[in-house]
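I'd like to ask some things about the structure below.
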Amino acid sequence: MTSMPIYQVDAFTDGPFSGNPAAVCPLESWPDDRLMQQIAAANNLSETAFFVESAADGADYDLRWFTPRTEVDLCGHATLASAFVVFEILGARTERVVFDTASGPLAVMRDGDRLVMDFPTLAVAPCDPPALLVQALGAAPVAVWRGGDYLALFEDVAAIAALTPDFTAMRGLDLFGVIATAPGRDCDFVSRFFAPAKGIDEDPVTGRAHCALTPFWAGRLGREQLSARQISTRGGALECTHAGDRVRLAGRARLYLEGTLRV
């Protein structure tokens with residue numbers, strides 16, 4: 001039997017039952033990939049993160065992320081949650097932690113009660129709306145862009161809130177997921193994110209999506225500092241900064257539960 005610590009951390013929130021829950025397992029060495037995938041499937045959260053001390057120059061830990069279905073190359077909320085565990089649970093006496101990941105080194109800094117992540121931007125380019133995308137969303141967007149995900153622009157918050165996607169149809173799309181976004185009312189922009197082909201019908205709050213949304217809205221609004229809300233059922237808030245080919249995503253996190261896995 002193998003045992004390992006596990007923490008469930010709500011990211012991009014400072015209150016209970018909101019934000020995006022991520023499971024985080026700090027380890028002394030890597031277990032088998034199949035075991036990590038099985039644990040992620042059993043946790044049934046959008047992401048389970050595993051990290052070990054890093055041998056890479058300039059990095060503190062090697063970090064990997066798994067959805068219930070597959071390993072992914074970039075995840076924001078589980079990185080925020082992992083940094084929270086490093087700072088608040090493991091008691092790191094530092095203001096900055098660097099994770100070596102499939103997307104390169106990702107730094108997370110303390111800023112008062114916030115954590116600030118330094119992530120790469122994700123570019124998108126205009127495209128014709130695929131018929132399957134419109135069918136899957138159940139509504140026609142104003143315009144569509146594509147990159148690692150589809151980005152569908154809608155007119156207002158109400159249109160985003162009213163979306164009832166066909167997740168079965170959406171699994172047939174050729175990209176990782178779908179970002180739906182619109183101008184905000186009490187923030188600069190809102191969004192929702194869907195990735196049913198990766199085992200995530202709707203993600204509560206998605207750092208990865210904001211790597212595309214931040215430069216997108218910075219260009220449209222003519223400002224580098226932006227406030228964002230992801231209006232899933234749980235919901236969450238991010239403060240976003242566009243900095244050339246990088247974005248800084250800031251938010252809060254809180255511990256929901258801790259325990260020991262025995263597998």
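Quick one: which of 134, 144 is surrounded by 17 or more Cβ atoms within 10 Å (Cβ to Cβ), of a type outside the set (S, T, N, Q) and over 16 Å from the mean Cα position of the chain (by Cα)?
144
Same structure, new question: Within the stretch 83-90, is there a residue that is surrounded by fewer than 23 Cβ atoms within 10 Å (Cβ to Cβ), over 22 Å from residue 255 (Cβ atoms) and within 19 Å of the chain's Cα centre (by Cα)?
Looking through the stretch 83-90, none of the residues is surrounded by fewer than 23 Cβ atoms within 10 Å (Cβ to Cβ), over 22 Å from residue 255 (Cβ atoms) and within 19 Å of the chain's Cα centre (by Cα).
Counting only residues that are polar (S, T, N, Q) and outside any strand (DSSP E or B), which one in the stretch 228-237 is nearest to the chain's Cα centre (by Cα)? If you could, list the steps in order and put the result at the bottom.
Of the residues in the stretch 228-237, the ones polar (S, T, N, Q) are 230, 232-233.
From the residues that got through so far, the ones that are outside any strand (DSSP E or B) too are 232-233.
Values: 232: 13, 233: 16 Å.
Taking the candidates together, the pick is 232.
Kindly indicate whether any position in the stretch 22-33 is aromatic (Phe, Trp, Tyr), assigned by TED's automatic domain parsing to the domain that holds residue 78, touching a residue at least 12 places away in the same chain (Cβ under 8 Å) and farther than 25 Å from residue 230 by Cβ. Even if it seems obvious, please write down each step before you answer.
Taking the stretch 22-33 first, the residues aromatic (Phe, Trp, Tyr) are 30.
From what's left, assigned by TED's automatic domain parsing to the domain that holds residue 78: 30.
The next check asks that each one be touching a residue at least 12 places away in the same chain (Cβ under 8 Å); those that pass are 30.
Next, only the ones that are farther than 25 Å from residue 230 by Cβ stay: 30.
Taking every residue of the stretch 22-33 in turn, at least one turns out to be aromatic (Phe, Trp, Tyr), assigned by TED's automatic domain parsing to the domain that holds residue 78, touching a residue at least 12 places away in the same chain (Cβ under 8 Å) and farther than 25 Å from residue 230 by Cβ.
Looking only at residues in the stretch 210-246 that are among the β-branched types (Val, Ile, Thr) and touching a residue at least 40 places away in the same chain (Cβ under 8 Å), which one is surrounded by the most Cβ atoms within 10 Å (Cβ to Cβ)? Reasoning before the result, please.
Residues of the stretch 210-246 among the β-branched types (Val, Ile, Thr): 214, 231, 233, 241.
If we keep only those that are touching a residue at least 40 places away in the same chain (Cβ under 8 Å) as well, we get 214, 231.
On the way: 214: 28, 231: 20.
Per the stated criteria, the residue is 214.
Quick grid of which residues meet (1) closer than 26 Å to residue 230 by Cα; (2) assigned by TED's automatic domain parsing to the domain that holds residue 21:
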{"residue": "42", "(1), (2)": "yes, yes"}
{"residue": "59", "(1), (2)": "no, yes"}
{"residue": "70", "(1), (2)": "yes, yes"}
{"residue": "84", "(1), (2)": "yes, yes"}
{"residue": "91", "(1), (2)": "no, yes"}
{"residue": "129", "(1), (2)": "yes, no"}
{"residue": "145", "(1), (2)": "yes, no"}
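Just one of the numbered conditions (1) without any contact (Cβ under 8 Å) to a residue 40 or more places away in the chain; (2) buried (at least 24 other Cβ atoms within 10 Å of the Cβ) is not true of residue 44; which one?
(2)
Right, next: Can you run down the residue pairs with Cβ atoms below 7 Å, 6 or more apart or on separate chains, where the first is in the stretch 96-123 and more than 13 Å from residue 59 (Cβ to Cβ) and the partner is buried (at least 20 other Cβ atoms within 10 Å of the Cβ) and at pLDDT below 95?
none
Let me ask something else about it. Which is of a type in the set (Phe, Trp, Tyr) and either at pLDDT below 95 or out of contact with any strand residue (DSSP E or B) (no Cβ under 7 Å at 6 or more places or on another chain) (or both), of 51, 17?
Details: 51 fails: either at pLDDT below 95 or out of contact with any strand residue (DSSP E or B) (no Cβ under 7 Å at 6 or more places or on another chain) (or both).
From the options 51, 17, the qualifying one is 17.
Would you list the strands (runs of 3 or more DSSP E) that sit entirely within the stretch 135-227 and hold 3 or more residues that are touching a helix residue (DSSP H, G or I) at 6+ places or on another chain (Cβ under 8 Å)? Before the answer, list the steps.
On the way: elements: 143-146, 150-153, 178-183, 189-195, 200-203.
The strands (runs of 3 or more DSSP E) meeting that bar are 150-153, 178-183, 189-195.
Where residues in the stretch 172-186 are over 12 Å from residue 150 (Cβ atoms) and over 19 Å from the mean Cα position of the chain (by Cα), which of them is surrounded by the fewest Cβ atoms within 10 Å (Cβ to Cβ)?
Of all residues in the stretch 172-186, those over 12 Å from residue 150 (Cβ atoms) come to 172, 182-186.
Among the residues that remain, those that are also over 19 Å from the mean Cα position of the chain (by Cα) are: 172, 183-186.
Values: 172: 14, 183: 17, 184: 19, 185: 10, 186: 8.
Selected residue: 186.
Filter the stretch 50-81 for residues that are touching a residue at least 60 places away in the same chain (Cβ under 8 Å) and outside any loop (DSSP other than H, G, I, E, B) and give the result.
Step one: of the stretch 50-81, the residues touching a residue at least 60 places away in the same chain (Cβ under 8 Å) are 67-70, 72, 74-81.
Result: 72, 77, 78, 79, 80, 81.
The values are calculated or read from the model by the stated rules, or taken from the named source; none is laboratory data. These figures come from a predicted structure and were not determined experimentally. Note that each Cβ is placed from the backbone with ideal geometry, even for glycine, and that neighbours are counted across all protein chains shown.
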